[in-house]
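Written below as structure tokens is the structure these notes are about.
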Amino acid sequence: MDYFSLLAILLIALIAGAIYEMKKKNDIKLEQIKLEREKVALEQKRLEIENKTD
């Protein structure tokens, strides 16, 4: 392979790696949002139960 082919392969690998990292960060943020929603729902349920027992 010549020099430019190696550079092209390296560039494609770097772009693919960057896309993978962005997707991974996005997935982590989505998971954090889901966990936060679950936390809020559980807190509301706990408050409802406390209000019923009062």
Once Lys and Arg are counted +1 and Asp and Glu -1 for all other residues with Cβ under 12 Å from that of L30, the total becomes +3
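How much length is gained on full extension from L7 to E38, taking 0.36 nm per residue of separation minus their Cα-Cα distance? It would help to have the intermediate numbers written out before the result.
Numbers: separation 31, 0.36 × 31 = 11.16 nm, distance 4.67 nm.
Roughly 6.5 nm would be gained on extension.
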Starting from 0 in steps of 5 Å, tell me what percent of the Cα-Cα pairs of the chain lands in each bin.
4, 17, 10, 10, 10, 8, 9, 6, 6, 6, 4, 4, 3, 2, 1, 1
What does the charge add up to near A16, with Lys and Arg as +1, Asp and Glu as -1, over the other residues with Cβ less than 14 Å from its Cβ?
+1
Under 25 Å from the Cα of K34 - lysines, other chains or at least 8 residues apart
K23, K24, K25, K45
Helix 3-53 versus the longest principal axis of the chain: what is the Cα-based angle in degrees, 0 to 90, to the nearest 10?
0
Share of accessible surface on carbon and sulfur in the chain, whole %, 1.4 Å probe and ligands ignored, is 66
Those lysines that a straight Cα-Cα span of less than 21 Å connects to K29, excepting residues fewer than 8 apart in one chain
K39
Net charge near L42 (other residues with Cβ under 12 Å of its Cβ; Lys, Arg +1; Asp, Glu -1) is 0
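For the chain, what does the accessible surface come to per residue with a 1.4 Å probe? Please give it in Å². Walk me through the intermediate numbers first.
Details: 5420 Å² over 54 residues.
About 100 Å² of surface per residue is accessible.
Under the rule of -39500 (n - 2.57) per DSSP H run of 4 or more residues, summed and divided by the residues of the chain, what mean residue ellipticity at 222 nm is obtained, to the nearest 500 deg cm²/dmol? Walk me through the numbers before you get to the answer.
On the way: 1 runs with 51 residues, N = 54.
The per-residue figure over the chain is -35500 deg cm²/dmol.
The values are calculated or read from the model by the stated rules, or taken from the named source; none is laboratory data. Being a predicted model, the structure only gives us computed values, none of them experimental. Every residue, glycine as well, gets a Cβ built from its backbone with ideal geometry; the counts of neighbours run over all protein chains shown. For the accessible areas, the whole protein counts, side chains as well, though only heavy atoms, and no ligand, DNA or RNA atoms are used. Shrake-Rupley method; radii C 1.70, N 1.55, O 1.52, S 1.80 Å.
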